[in-house]
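Derivation of every value follows stated rules applied to the coordinates shown; laboratory data play no part. Computed from a predicted structure; not experimentally measured. All Cβ positions, glycine included, derive from the backbone under ideal geometry; neighbour counts span all protein chains shown.
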Amino acid sequence: MKNIEQHNDEPHIRKSINTALRIGFVALLFVMSFLILKPFIIPILWGIIIAVAVFPLHKRFSNVLGNREKLSAILIVLIGLALLIIPTVMFTSSSVESIQSISKQMDEGTLSVPPPDEKVAEWPLIGEPVYDAWKLASNSLSGVIKKFEPQLRELAPKLLSVVTSLGGTLLLFIISLIISGALLVNAKTAEKAAHSIFKTLAGAEGEKFASLGSATIRGVVQGVLGTAVIQAFFLGIGMYAIGFPAAGILSLIVLFVAIIQLPLLLVMLPVIVYVFSYADTTPAIIFAIWAIIWSAADTFIKPILMGRGVDIPMLVILLGAIGGMMMGGIIGLFIGAVLLAFAYKIFQVIVQGN
């Protein structure tokens, strides 16, 4: 009897072993594929996000061009590259020229700082230290450099790290734009693949989740980029109106800082301080109020733009975006919003099902 039972169990054992080997092989294949693609995961994710965000524009553009989707995708990528590279080259060139000019003036001993106005000392909290440091710089620039030499030594490596990081970020976005162009060229195939994946994972609700994902990504892109453009535009107008030098370049810096979700007051507070040094009191105060309002405007503009076109409460998207950014940086801004939106919809389905 035992021999008969063992003989009957052998096919099941072989089947289990074969199944385990197949699962192990597939798991190994996925792990190896992940390790191979790991260096490209961030650019691929950015490429997907950009492609989803600009897909409606791509469709309109291709219709205008007579349904020439490849040409539309190429033009969108070229425009995106131009918007990235041209301001970067202008900013780099301007910065290099400024550094060369300062270095030349220092070598010749002609570099000087204009003396501060007496009203600088009357500013609340920071007035006296700013006035003292400024006055020292106007009397003896070398004295200021010696006084703040330890701080400057600590700051130099950080500035170099920031510049290197900016270069890496620019390269990342260039690669991501090219990947997004490839996805736009094969938009129909990519859309079918996305629907198939979501159907496999979420069943009958798969198509709804695919649409929800794309709508959420577009909402977050509108919220981040839209808010950044609006803030940079109005702050740029304020700087032009007050006669701030290099207002155009500083507007680009404001745009970049807003996109990476850092507080704009980091950029605008030194601008406000400098404006008070040359402008009359009334216009300087008006500019300061204008700059503070538009620096903090993302608190009410972003939620409005993020919630457009998405059947999800605005608070869910906003919390997902902010929490995702805290966990995973800028890329987490989008992934966090999408994941929390999915979780909310799944929870909604479960509750309604009960």
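Per the Kirkwood treatment, what hydrodynamic radius in Å, one decimal, follows for the stretch 220-327 from the mean inverse distance over all distinct Cα pairs?
14.6 Å
Too long at a 26 Å Cα-Cα cut-off: which of K192/K302; K15/K38; K192/K345; K38/K302?
Among K192/K302; K15/K38; K192/K345; K38/K302, the Cα-Cα distance tops 26 Å for K192/K302; K15/K38; K38/K302.
Please compute the Kirkwood hydrodynamic radius of the stretch 24-64 from all pairs of different C-alpha atoms, in Å with one decimal. Each step should come with its number before you reach the end.
Values: mean 1/r = 0.0808 Å⁻¹.
Computed over Cα pairs of the stretch 24-64, the Kirkwood hydrodynamic radius comes out at 12.4 Å.
Packing-wise, with mean Cβ within 10 Å as the measure, how do 179-189, 213-223, 48-58 rank, highest first?
Ranked by mean Cβ neighbours within 10 Å, highest first: 213-223, 48-58, 179-189.
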